[in-house]
Amino acid sequence: MASRVKLIILISLMALALVAGCGVKSPPLPRTEVAPGQVTDLKAEPKADAVEVTFTVPQADTPNRAVTEVRLYYGYLPLTGLAECPPCPPKLKKYHEFLIKDKDVQLMKGGQFLYRDKDAPMGEEAIYQVVLFDAWGRSSRPSNLARAPRVPPAAPPAGFTVTPGDGKVVLEWQGSVVIPKKLAASKEVDVLAGYALFRKGPEGEMQINTSPLLSPAFTDKSVDNGKVYAYQVAQVRRVKMRNVIGAHSAWMEAKPKDQTAPQPPSGLAGVPAKEGLYLRFTPSPDQDAAGYLIYRKEKKGGDWQKVQEAPVKENTFVDVKVTPRAVYIYKVQAIDESGNLSEFSEEIEIEYVP
C-alpha cells in the first residue's frame, strides 16, 4: 500500500513539472533576431591615398547584443576582372579584425564606421564585405559587397578660369566634351566621364553637380552679388563602371557684382530761392539706388560739372553756388550700391533771380 502511494505521488510531481514547464518559457528566438543586424549600406570610395570604407553599425536594444567586433573581409582583383571567370562573385577569405570596444573605438563616430584602406594596390579593384559580432560571439549575416577601383587620381583640367557676372559666375576650363552615347558604348576600363565642380562660399564647402558635367564650362547662378566664392574643378573618370573623381584644381575666387544700371530719376524741376536754386525730382524706382549725382552747366557755355562729388541722398537739393541773373541747365543721374550709373534725367533751364 505504501509503495502504491509513493508511485501516485511521484506521478503527480512529474505531471506538475510538465505543467509548470509548458507556457512559462517562450519559444527560442531565431538566430537572426538575437545576432547583430546585417550591414546593408557598406560603401567603398576611392581617394587619392586610400580606399575609404564606411557603413552604419546597427543599433542594439541590449548591451549584450551590442557590436564589439568588426570583420572587414577584403580582396583585390585586376581591373579587367579574373580571366577565367570575369563575372564570378569574388571569394573573400582575408579580413581585418577591429575590436570597436577596445583599441579600434576611434573608428566609430556617431554610429558610423570608417576605415581607410591604404594597402589597396594601385591599379586593382578593391572589394569588401562586413560581418559583425556581439559580446556573445554571435555573428551577423554578411553585408552587401562594396567595390572601388584603386587608380591614380586624374590630373585636374588645365586653363581653369572663373569670371564673375551679375548674379552669376562663369566657369571654363580645357577639356573634351563627353558624348553620352559614346560613353555608354565604350569598352575601355578607364575613360573620361565628365567633370566635377566644387565651391566654397558663405554656406560652406560643397560639390555643385551630383552627376558629371559633360562640357568644360558651367555658369553658377546660385550665388549672391557682393559675396566671395571660390571654385575647384576635377576630372571624373569612369573606371570599371564606377565614377572616380580626380585631383582638384587650385581654388579660384570670384565675387559676383550687380551690373544692372538703375532707372533714372524723373520729373526734375527747380525754382529760385533766397539761398540759391532749389531742385526737386522723382527718385529712381529701383530699391538699390544709393544716391543721385547732380550736374549743371551755364547756358552761355561751358562743360557739365558735378554740383558736388558725393551723391545726394534725398530727392531735393539747393545749389548755393550760383550767380544772380545767370542761367543754369541741370540734369540728374542715379547711382546704385554697386556703383552702376543710370541714364540722365531730362534737362531743365533756370535763371537765378534771388
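Before moving on, here are some points about what is shown:
- Listed by chain and number, the lysines whose C-alpha is less than 18 Å from the C-alpha of residue 182, apart from same-chain residues fewer than 8 away, are 240.
- For residue 163 and residue 260, the FRET efficiency from 1/(1 + (r/R0)^6), where r spans their Cβ atoms and R0 equals 22 Å, is about 0.85.
- Spatially, the range 280-315 and the range 167-191 are offset by 52 Å when compared through their Cα centroids.
- Highest-fluctuation residue, 302, 81, 204 considered, GNM on the chain with Cα pairs under 10 Å: 302
- Where only DSSP H runs of four or more residues are counted, the chain gives -2500 deg cm²/dmol as its mean residue ellipticity at 222 nm, each run worth -39500 (n - 2.57).
- Percent RCO, i.e. relative contact order, over the chain, from Cα pairs under 8 Å lying at least 6 residues apart: 12 percent
- Counted by Cβ distance under 11 Å from residue 243, the other residues give a net charge of +3, where Lys and Arg count +1 and Asp and Glu count -1.
- Degrees between helix 2-21 axis and first principal axis of the chain (Cα, 0 to 90, nearest 10): 20 degrees
- Length gained when the stretch residue 54-residue 318 is fully extended (0.36 nm per residue, less Cα-Cα span): 87.8 nm
- Measuring gaps between exposed loop sites in the chain (GluC sites (Glu not before Pro); DSSP loop; at most 11 other Cβ atoms within 10 Å), the longest gap, sites not included, is 85-187.
- Additional length obtainable on full extension of the chain from residue 327 to residue 222, 0.36 nm per residue less Cα span: 32.6 nm
- Residue with peak Gaussian network fluctuation, the chain [Cα springs, cutoff 10 Å], from 130, 189, 327: 327
- At 0.692 mPa s and 37 °C, Stokes D of the chain from Kirkwood alpha-carbon radius, µm² per second: 116 µm²/s
- Residue 300 paired with residue 341, simple spin-label distance in nm, labels 7 Å along Cα-to-beta-carbon: 2.8 nm
- When peptides 233-243, 138-148, 215-225 are ranked by their average number of other Cβ atoms within 10 Å per residue, the highest-first order is 233-243, 138-148, 215-225.
- 10 Å beta-carbon shell around residue 168, net charge (K/R +1, D/E -1): -1
- Neighbourhood net charge (13 Å Cβ-Cβ; Lys/Arg +1, Asp/Glu -1) for residue 223: +1
Bear in mind these aren't lab numbers, they're just calculated from the coordinates by the rules spelled out. Only a predicted model underlies this, so the values are computations on that prediction, with no experimental measurement involved. No Cβ is skipped: glycine too gets one built from the backbone with ideal geometry, and neighbour counts run over all protein chains shown.
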